[in-house]
Amino acid sequence: MKIKVCVGSNCTMMGADGILDSLENLKETILTKPGVNPAFTLDVEIVRCVGECKKKKNVSPVVVVDDVIYRNASREEIMSIVLDKAFDHIMTK
Amino acid sequence: MKESYNDIINIRRMVFADIARIAYDDLDLKKLGDDTYRLIPGEKAYYREDVFRERAVIAERLRLALGLDARTAAESGPISEGIENVDVDTRVYTPPLVAVIKIACEACPTKTVFITDNCRKCLAHPCKNVCPKNAVTIEKHGAVIDQAKCIKCGRCKNECPYHAIVEYDRPCAASCGVDAIKSDYLGRAEIDADKCVACGNCIQECPFGAISDKSEIYQLIKAIKSGNEVYDIIATSFAGQFGALTTPEQIFAGIRQLGIKEVVEVGLGADLTTLNEAKEFIEEVPEKEPFMGTSCCYSWKLMVQKKYPEVNDYISESSTPMVYTSHHIKKNNPNSKVVFIGPCVSKKLEALQEHVKEYVDFVITFEELMGMFVAKEIEPSEIEVEDKITDASVTGRGYAVGGGVANAVVARIHEVKPDMVVKTECAEGLAECVKMMKLAKLGLKNGMLLEGMACEYGCIGGPGTIVTSSRAKKSVADFAKASPFASPADNDNIDPEQKPR
């Protein structure tokens with residue numbers, strides 16, 4: 001799974017660092033536990049302004065998960081997307 | 001910054017960006033009411049029980065951001081009331097700088113031990129058995145504490161096998177190291193101005209966002225727009241605050257794009273503070289003074305002044321890094337204006353004091369600066385810069401992290417007197433500062449260098465910061481390492497005459 005977190009001015013102001021922190025925290029805690037799908041990988045990339053906020057007002061923070069754009073992203077939303085994928089082999093059964 | 005309080009932080013920052021936009025675009029302040037609809041659109045409540053209250057609260061936040069006082073429900077008239085008084089390009093706000101927005105305060109109960117519905121009404125009822133005041137009775141649905149009898153010892157809480165008993169204080173009061181939060185006649189929080197040292201911790205901790213400081217972001221922008229030469233002195237904790245990909249050099253360049261003439265690190269002044277404090281310690285301790293306290297954190301100094309006046313003389317006489325840095329600029333540019341940008345609320349108060357106010361014209365926080373970047377659509381991470389910043393030494397830049405000041409002073413003492421043994425103690429958080437000073441007053445810290453920081457983790461944990469302390473700590477360390485000056489004595493930006501011998 002590839003996550004891009006925008007750290008442009010708008011997104012930093014509206015909490016991009018909080019999202020980065022919660023993803024790092026997941027990597028160090030729940031994702032180290034047994035039961036994670038062995039095929040799952042998490043690659044978090046910090047990116048410059050992706051330009052969403054210039055197209056439309058009030059969309060920050062912006063996070064891109066496997067090429068899907070999440071506007072007004074919240075840490076809980078992004079964390080749950082990550083965990084659903086990391087444990088998908090258990091969930092689907 | 002309390003990073004898990006997303007919505008509160010975002011509301012606060014949106015207000016700064018909005019006021020900055022109004023100032024830059026020369027919009028009519030009389031139409032400020034429109035902004036409450038822009039910031040809180042629609043008719044569905046998102047933050048509170050109804051949209052009207054959300055708008056009323058944001059209106060008071062906008063007024064505070066302009067430097068006005070927060071009003072109670074009895075006082076609130078039109079949002080633009082008195083607004084002409086702050087539509088200027090010089091400092092106008094007056095204390096109190098930290099205040100409760102009464103219409104946002106939920107009047108949380110003060111310190112209480114109470115039994116939640118997790119109580120199983122068990123047969124053993126240890127809560128009742130261990131209560132030294134016989135305040136617990138077993139009623140129809142479970143145990144109940146008679147609040148009039150309870151002395152909040154917490155014994156019942158510790159005994160309950162179901163964790164059904166909780167003990168809590170209102171978050172503002174729990175976070176206050178100097179016990180300055182009292183209640184008004186409606187049970188809402190009220191700040192005791194005689195005790196408050198403007199550290200800003202309660203601003204960060206209130207889960208309803210009901211405490212705020214005043215801002216002078218509007219007047220600063222007007223000062224820039226009226227053609228003043230405005231210099232920015234930026235606190236040592238700035239590295240890493242404006243996004244994970246923004247370098248310190250890009251932050252400086254971004255600030256210049258706001259119309260600021262030049263930016264100087266407050267680390268330069270920190271180097272002078274280090275040199276002076278080291279000299280003072282060598283000369284005074286322990287012969288003339290039993291111990292010495294550092295002088296850079298204004299809330300710490302104010303706490304000692306107010307609570308321990310009898311030992312106030314043992315706080316170093318050196319000026320703060322902010323004052324030294326501003327001196328440095330005003331000496332060569334007497335007609336310029338200086339804005340201090342930092343993580344700190346108490347610097348706003350320090351800058352109102354005699355002997356400081358003529359040097360520091362404005363004080364804003366990193367959050368407020370971020371609002372200016374957003375208003376002007378500046379992306380610091382995309383600016384190309386080549387020049388390196390070389391205003392401060394390694395240890396001067398280290399002031400931003402708890403323990404950094406003592407570390408700098410001791411390193412300097414050892415340059416002068418290599419064999420001198422200096423014991424230090426660092427207190428982070430105002431409550432810890434109070435404890436340390438209490439012991440110092442009793443003579444238990446004699447011979448020591450005492451560093452006091454009103455914020456946990458030091459300045460990087462300040463109420464006006466943007467990123468988490470752990471992230472900031474790393475950025476500050478990297479930036480310190482990049483300094484060309486190993487010792488403050490090597491800093492060739494400082495006039496040799498200014499350096500103590």
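The values are calculated or read from the model by the stated rules, or taken from the named source; none is laboratory data. The structure presented is a predicted model; accordingly, all values stated were derived computationally and were not measured. Please note: Cβ atoms are built from the backbone with ideal geometry, for glycine as well, and neighbour counts cover all protein chains shown. Each accessible area value is taken on the protein alone, full model and side chains, heavy atoms only, with ligands, DNA and RNA left out. Shrake-Rupley method; radii C 1.70, N 1.55, O 1.52, S 1.80 Å.
With the cut-off at 1.5 for a/c, could you classify the range B:112-168 from its C-alpha gyration tensor as rounded, prolate or oblate? Before the final figure, lay out each step's value.
On the way: a/c = 1.39, a/b = 1.27, b/c = 1.09.
Taking the square roots of the gyration eigenvalues as a ≥ b ≥ c, the range B:112-168 is rounded.
Could you please put A:Ser74, A:Ser80 in sequence from largest to smallest accessible area, using a 1.4 Å probe?
Values: A:Ser74 30, A:Ser80 55 Å².
Solvent-accessible surface, decreasing: A:Ser80, A:Ser74.
Which percent of the accessible area of chain B is formed by carbon and sulfur heavy atoms (probe 1.4 angstrom)? All intermediate terms of the calculation are to be shown ahead of the outcome.
Numbers: 10580 of 21400 Å².
Reported share for carbon and sulfur atoms: 49 percent.
In a shell of Cβ-Cβ distance under 14 Å around B:Asn134, excluding B:Asn134 itself, what net charge do Lys and Arg (+1) and Asp and Glu (-1) give? Numbers along the way, then the final one.
Numbers: positive: B:Lys128, B:Lys133, B:Lys149, B:Arg155; negative: B:Asp146.
Cβ neighbours under 14 Å give a net charge of +3.
Can you compute the helix-only [θ] at 222 nm over the protein assembly as shown? Use -39500 (n - 2.57) per DSSP H run of at least 4 residues, normalise by all residues, nearest 500 deg cm²/dmol.
Working: 23 runs with 216 residues, N = 594.
Result for the protein assembly as shown: -10500 deg cm²/dmol, rounded to the nearest 500.
Using heavy-atom solvent-accessible surface (probe 1.4 Å) with all chains present, what is the largest-first order of B:Glu262, B:Glu287, B:Glu386?
B:Glu386, B:Glu287, B:Glu262
Classify the range B:386-501 as rounded, prolate or oblate, taking a ≥ b ≥ c as the square roots of the eigenvalues of its Cα gyration tensor: rounded when a/c is under 1.5, otherwise prolate if a/b is larger than b/c and oblate if not. Each step should come with its number before you reach the end.
Details: a/c = 2.45, a/b = 1.18, b/c = 2.08.
Taking the square roots of the gyration eigenvalues as a ≥ b ≥ c, the range B:386-501 is oblate.
Output the antiparallel fraction of DSSP beta bridges having both residues in the protein assembly as shown, as a percent to the nearest 5.
Working: 19 of 46 bridges.
Beta bridges within the protein assembly as shown, antiparallel portion: roughly 40 percent.
Test of understanding: express the Cα radius of gyration of the range B:282-415 as a ratio to 2.2 N^0.38 Å, with N the residue count. The partial results should precede the final answer.
On the way: Rg = 17.5 Å, N = 134, 2.2 N^0.38 = 14.1 Å.
Output field value: 1.24.
Any idea how far the Cα center of the range B:7-28 sits from the one of the range B:102-129, in Å?
The distance from the Cα centre of the range B:7-28 to that of the range B:102-129 comes to 40 Å.
Rounded to whole Å, give me the distance from the Cα center of the range B:458-501 to that of the range A:61-86.
Here the answer is 36 Å between Cα centres.
Kirkwood hydrodynamic radius of chain B from all distinct Cα pairs, in Å? Please list the in-between numbers first.
On the way: mean 1/r = 0.0411 Å⁻¹.
When all Cα pairs of chain B are included, the Kirkwood radius is 24.3 Å.
Could you size up the charge dipole of the range B:272-413 around its Cα centre, putting +1 on the beta carbon of Lys and Arg and -1 on that of Asp and Glu, and report it in debye to the nearest 20? Show your work: numbers first, answer last.
Values: 15 positive and 22 negative charges, 53 e Å.
That gives a dipole near 260 debye.
Tell me, what is the per residue accessible area of the range A:2-88 in Å², probe radius 1.4 Å?
Normalised by residue count, the accessible surface of the range A:2-88 is 49 Å².
Decide, for the protein assembly as shown, between rounded, prolate and oblate: order the square roots of the alpha carbon gyration tensor eigenvalues as a ≥ b ≥ c, take rounded if a/c falls under 1.5, and otherwise choose prolate if a/b is larger than b/c, else oblate.
Working: a/c = 1.38, a/b = 1.15, b/c = 1.20.
Rounded shape, in that the Cα axes give a/c under 1.5.
Under the Cβ-under-4.7 Å rule, which cysteines of chain A stay unpaired?
Lacking a cysteine Cβ partner under 4.7 Å: A:Cys49, A:Cys53.
Solvent-accessible area per residue for chain B at a 1.4 Å probe radius, Å²? Walk me through the numbers before you get to the answer.
Numbers: 21400 Å² over 501 residues.
Averaged over the residues of chain B, the accessible area is 43 Å².
Which Cα, out of B:Val144, B:Ala180, B:Ala164, lies furthest along the positive dipole direction of the range B:128-181 (beta carbon charges, K/R +1, D/E -1)?
B:Val144
Cα atoms only: what Rg and Dmax, in Å, come out for the range B:59-145?
23.9, 70
Might you work out the accessible area of B:His414 for me, using a 1.4 Å probe with all protein chains in place, and round it to the nearest 10 Å²?
For B:His414, the solvent-accessible surface is approximately 70 Å².
What is the distance in Å between the Cα centres of the range B:34-83 and the range B:189-259?
21
In debye, nearest 20, what is the charge dipole magnitude of chain B about its Cα centre with +1 on Lys and Arg Cβ and -1 on Asp and Glu Cβ, if you could check? If you can, show how the numbers build up before the last one.
Numbers: 62 positive and 74 negative charges, 405 e Å.
Charge dipole of chain B: 1940 debye, to the nearest 20.
If we restrict to alpha carbons, what Rg and Dmax does the range B:228-498 come to, in Å?
17.9, 57
Tell me the Kirkwood hydrodynamic radius of the range A:2-88 in angstroms, computed as one over the mean inverse distance between distinct C-alpha pairs.
On the way: mean 1/r = 0.0760 Å⁻¹.
Over the range A:2-88, the inverse of the mean reciprocal pair distance is 13.2 Å.
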